[in-house]
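Following: one structure in structure tokens, then a few remarks.
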Amino acid sequence: MAVKIQTVGVVGAGQMGNGIAHVCALAGFDVVLNDVSGDRLKASLATINGNMARQVGKKAISEDDRKAALARIKPAETYDALGDCDIVIETAVEKEDVKRKIFSDLCASLKPEAIVATNTSSISITRLASSTDRPERFIGIHFMNPVPLMELVEVIRGIATDDSTFEASKTFVRTLGKTIAVSEDFPAFIVNRILLPMINEAIYTLYEGVGNVEAIDTAMRLGAHHPMGPLELADFIGLDTCLSVMQVLHEGLADSKYRPCPLLVKYVEAGWLGRKTQRGFYDYRGEKPVPTR
């Protein structure tokens, strides 16, 4: 049976979670934003407020839109608060064991007809669905970062996802004003299957001394008209996330062309994960970013 989606649950109040809550609330959905940390929920609501205020400043939305949208977002520290949700989107860290635990704990609190979605950027939808009590009502809905600005959402069915779940999910994504790319359930789907090997290749180019950080980023910005160079983009995504996706590709497709660059591994081992830790391929601790190699 088709679900009419009115209330959206979001599990995880990090960068992706607050972006998804933001666009859902602006599109008129009631949103329950869940996180185990009350502090993270407070910080997330402050971020959403700031981002919406910026949209008001750019005249993208009105002040009334901002107030109404913020009033639709309810913070929640337990899964029980998600009981009325028609769809719940998980946005936890890109680690399969963490996601599987969330799904097995979460499902008991949901109504039987609720759809469960994952925002994973690389992990098998079919495998994640098997950790729930409703694989036919499970789907991949992969938003791009930053969610309020990026127009694309990948929609990925698992082997068990039924047609009504697929149709309801596509309608929901279109209501958010996003464009859909439907992907088959292969490692990393479409965008990251193409994008992450390019970033990994840029890191190999640095590792092998073909060019320094600045030369590589300038080359791709001006030579291929990319808005951001690949190393700058890696820092923005998070080098730990880049490594996770490359590992999923390498293990899932067993092709040596997906081998993560040893330099990427080294940076992650050092805890230099990019912007979020103030150091990656650039050092962000000063006035302006300085290349670290």
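Laboratory data are not the source of any read-out in this text; all were calculated from the coordinates shown. Small disclaimer: the values here were computed from a predicted structure and weren't measured.
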Restricting to Cα pairs below 8 Å that are 6+ residues apart, what does the relative contact order work out to for the chain? Please round to a whole percent. 14 percent
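Whole number please: convex hull volume per residue of the Cα set in segment 60-128, in Å³? Display every interim value, and only then the final one.
Values: hull volume 8.9 nm³, N = 69.
Roughly 129 Å³ of hull volume per residue.
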Over the chain, with a Gaussian network built from C-alpha contacts below 10 Å, which listed residue (ILE123, ILE102, ILE139) shows the highest mean-square fluctuation? ILE102
Would you look at the GNM of the chain, springs on alpha carbons closer than 10 Å, and say which of GLU63, GLU136, GLU94 moves the most? GLU63
Percentage of interatomic Cα-Cα distances in the chain larger than 26 Å: 46 percent
Convert 20 °C to kelvin, take the viscosity as 1.002 mPa s, use the Kirkwood radius over C-alpha pairs of segment 156-232 as Rh, and evaluate the Stokes-Einstein diffusion coefficient in µm²/s, rounded to a whole number. 142 µm²/s
Taking springs between alpha-carbon atoms closer than 10 angstrom, which of PHE138, PHE172, PHE236 fluctuates most in the Gaussian network model of the chain? PHE236
Log entry: pair-distance distribution for segment 192-283, C-alpha pairs binned every 5 Å from zero, whole % per bin is 3, 15, 26, 26, 19, 8, 2
Beyond 18 Å (Cα-Cα) in this structure, taken from LYS59/LYS276; LYS58/LYS288; LYS4/LYS170, we find LYS59/LYS276; LYS58/LYS288
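If N is the number of residues in segment 1-145, what value comes out of its Cα radius of gyration divided by 2.2 N^0.38 Å?
Values: Rg = 14.9 Å, N = 145, 2.2 N^0.38 = 14.6 Å.
Cα Rg divided by the expected 2.2 N^0.38 Å: 1.02.
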